[in-house]
2 protein chains.
Amino acid sequence: MTATLLDGKAIAKTMQAEIDAAVAEFKEKTGITPTIAVVRAGEDPGSVWYAGAIKKTMAARGMEAQLHVLPETASQEELVALVARLNADPTVHGIMVQEPMPKGVDEGAVKAALSPDKDVDGVHEVNAGRLAMAAPAGRPAGVGPFFVPATPAGGLELMRRYGVEFNGQNAVVLGRSNIVGKPMALLLMRENATVTICHSRSKDLPAICRGADILCVAVGRAEMVRGDWIKPGAVVVDFGVNEVEGKMVGDVAYAEAVEVAGLITPVPGGTGPMTNVMLCLNVLEAARRQVR
Amino acid sequence: MTATLLDGKAIAKTMQAEIDAAVAEFKEKTGITPTIAVVRAGEDPGSVWYAGAIKKTMAARGMEAQLHVLPETASQEELVALVARLNADPTVHGIMVQEPMPKGVDEGAVKAALSPDKDVDGVHEVNAGRLAMAAPAGRPAGVGPFFVPATPAGGLELMRRYGVEFNGQNAVVLGRSNIVGKPMALLLMRENATVTICHSRSKDLPAICRGADILCVAVGRAEMVRGDWIKPGAVVVDFGVNEVEGKMVGDVAYAEAVEVAGLITPVPGGTGPMTNVMLCLNVLEAARRQVR
């Protein structure tokens, strides 16, 4: 049996239409264009490419992305000052500071300088704390409004749109980064899954993965998860983006996994397009919260 | 084989002596007495008892606990105003707001009003976020200093003092509260354990527990975890405090579990005394951070 695709590209397209309508309505009502400021220091090629992609994505949704580029020699004080200026700018609703930041800059301090209300990337400690403390979905959250990093939020939304059941399911998350693994684990726990978080020190990963009804992988190692690590019928969400011999492959050995899984994301075309739409949604939501 | 006790009472005594020396040194150097303000609205018997216990505990360590009691009819605004006053009071280094708060009060909003620097109870979203985002132990945390709720911090410290190995071990946490389960899971993950978080919706708890090298239980159900849920030789940390026929029992069926586990906390005398010393340590640490 071959798995059904978790077709992020198709779902993203559907969501783009939803966002287009919501943005149009927002602009009609307020006269304001939801705007993200992307901050970068230096010319890291990946960051340059991503900033351009955000600009295009936002424009296609009727929103705006400003690019604020500092020289590679920018100090922490300069970055924090720029962030403070953007925090105070009412025409900017969301702010993303790209990494890597220059050598010697305390990235945590720059993120902490963001206004949590404009932290559409979900990297501020207040947003991380609210996600960590939020009550299970369906109950009053017990915390203020917050932003979730776009990548795990997109993975969850993709599963939701395919009707994946979370309640009481065993979910395994490989990877414990602050932008994918940890928030993904917290999101799945909020959906009442039983969540296991694995990482580089975990033992016997194949056996742990084989217990997963839902397997989310964000380790940055090409095709590490093999077909025989997957429980037949499981949901497999691959956040990996690895370049191998000029080709983009995920953290899951797709050709093997697709024969075992019930639902699986392709790479590319799975979680990637979802990240883009979730970032758009976060920017729109930030604008909604700020413009009343 | 009978398990070795994780003797919280004995370890707490050792730590009390350490804290006594540290407090004496701090007072000698600064002339200042580390002070916690305990805020309560109303006369919930458990809260009244706990506030009294904190006062005694702190006094025994050469520190001070102020009690600030509002009437049961106190509004959210009154609680927040009191917290704001204590935030601004340089003679107060730590603040704890007891629960339950009066009906109609948004507890999350009151906690968010605390200064994170004085949140010795670890309930502020900034402290939760920093714990969630902190890098694994041994690496630079990548976040500012933070406070961890005393109960899970005490559980971890108790295991540490008995030389429990965390690295690569399978840890299972039963319960996902913001003051025990979730921070316990994040602490164990920081120590490089592979962590599974279970809760009321989890299926087949006994099987999941039997996979645990380290089992931490905070569910508030008397003796729910049976002896045959425990892997022979496992470390069992019981945070449960249940009154059954006038007797205090944990969430683990102790008489059964002690025959299977390798290390186990008694109830009482396990995690309870550790909570007290960790709170003392947090207050001392808060004073250290604030008095320079």
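Filter segment A:133-153 down to residues that are closer than 19 Å to A:Met278 by Cβ and part of a helix (DSSP H, G or I), then give me how many there are.
Total meeting the criteria: 4.
Considering each residue of segment A:170-181 in turn, at least one proves to be crowded, with 24+ Cβ neighbours inside 10 Å and under 25 Å from A:Leu284 (Cβ atoms). Scanning segment B:163-175 for residues that are in contact (Cβ under 8 Å) with a residue 12 or more places away in the chain, farther than 24 Å from A:Arg190 by Cα and either more than 10 Å from chain A (Cβ to nearest Cβ) or of a type outside the set (Phe, Trp, Tyr) (or both) yields B:Val164, B:Asn167, B:Gly168, B:Gln169. Answer yes or no: is there a residue in segment B:44-57 that is in contact with an Asp or Glu (Cβ under 7 Å, 6 or more places away or on another chain) and crowded, with 19+ Cβ neighbours inside 10 Å. Scanning segment B:44-57 turns up no residue that is in contact with an Asp or Glu (Cβ under 7 Å, 6 or more places away or on another chain) and crowded, with 19+ Cβ neighbours inside 10 Å. The number of residues in segment B:103-118 being away from every other protein chain (no Cβ under 13 Å) and either crowded, with 24+ Cβ neighbours inside 10 Å or in contact with a Ser or Thr (Cβ under 7 Å, 6 or more places away or on another chain) (or both) comes to 1. Among the numbered conditions (1) within 12 Å of chain A (Cβ to nearest Cβ); (2) touching a helix residue (DSSP H, G or I) at 6+ places or on another chain (Cβ under 9 Å), the only one that B:Asp238 does not meet is (1).
Within the bounds of segment B:209-220, is there any residue that is more than 14 Å from chain A (Cβ to nearest Cβ), surrounded by fewer than 24 Cβ atoms within 10 Å (Cβ to Cβ), at pLDDT 95 or above and more than 19 Å from A:Ala212 (Cβ to Cβ)? Within segment B:209-220, one or more residues are more than 14 Å from chain A (Cβ to nearest Cβ), surrounded by fewer than 24 Cβ atoms within 10 Å (Cβ to Cβ), at pLDDT 95 or above and more than 19 Å from A:Ala212 (Cβ to Cβ). Residue pairs whose Cβ atoms lie under 7 Å apart, separated by 6 or more positions or on different chains, with the first residue in segment B:227-240 and on the phi > 0 side of the Ramachandran plot and the second part of a loop (DSSP other than H, G, I, E, B) and crowded, with 24+ Cβ neighbours inside 10 Å, do not occur.
For segment B:119-155, a residue qualifies if it is over 18 Å from A:Met133 (Cβ atoms) and surrounded by 24 or more Cβ atoms within 10 Å (Cβ to Cβ), and the qualifying residues are B:Gly154, B:Gly155. Checked against the criterion of being aromatic (Phe, Trp, Tyr) and within 11 Å of chain A (Cβ to nearest Cβ), segment B:147-162 contains not a single residue that satisfies it. Of the residues making up segment A:130-144, at least one is closer than 21 Å to A:Ala287 by Cβ, within 18 Å of the chain's Cα centre (by Cα) and within 8 Å of chain B (Cβ to nearest Cβ).
Filtering segment A:87-102 to residues that are away from chain B (no Cβ under 13 Å), closer than 19 Å to A:Val48 by Cβ and either assigned to a helix (DSSP H, G or I) or out of contact with any strand residue (DSSP E or B) (no Cβ under 8 Å at 6 or more places or on another chain) (or both) leaves only A:Pro100.
Taking first residues from segment A:176-199 that are under 21 Å from B:Asn192 (Cβ atoms) and partners that are in a loop (DSSP other than H, G, I, E, B) and of a type in the set (Ser, Thr, Tyr), the Cβ contacts under 7 Å between residues at least 6 apart in sequence or on separate chains come to A:Thr194/B:Ser202. So B:Val126 fits all but one of (1) within 13 Å of chain A (Cβ to nearest Cβ); (2) in a loop (DSSP other than H, G, I, E, B); what number is the exception? It fails just one condition, (2).
Of all residues in segment A:117-146, those satisfying the criterion of being touching a helix residue (DSSP H, G or I) at 6+ places or on another chain (Cβ under 8 Å), charged (D, E, K, R) and free of Cβ contacts under 8 Å to residues at least 24 places away in the same chain are A:Glu125, A:Arg130. If you filter segment A:182-201 down to residues that are closer than 16 Å to B:Leu186 by Cβ and surrounded by fewer than 23 Cβ atoms within 10 Å (Cβ to Cβ), you find that the one that is nearest to the other protein chains (Cβ to nearest Cβ) is A:Arg201. Consider segment B:60-97. How many of its residues are surrounded by 13 or more Cβ atoms within 10 Å (Cβ to Cβ), in contact (Cβ under 8 Å) with a residue 40 or more places away in the chain and not charged (D, E, K, R)? Final tally of qualifying residues: 13.
Does B:Lys29 satisfy the criteria of being touching a Gly at 6+ places or on another chain (Cβ under 6 Å), surrounded by fewer than 17 Cβ atoms within 10 Å (Cβ to Cβ) and assigned to a helix (DSSP H, G or I)?
So B:Lys29 fails the test.
The values are calculated or read from the model by the stated rules, or taken from the named source; none is laboratory data. Just so it is clear, the structure is predicted and the values come from calculations on it, not from any experiment. A quick note on method: Cβ atoms are made from the backbone with ideal geometry, for glycine too, and the neighbour counts reach across all protein chains shown.
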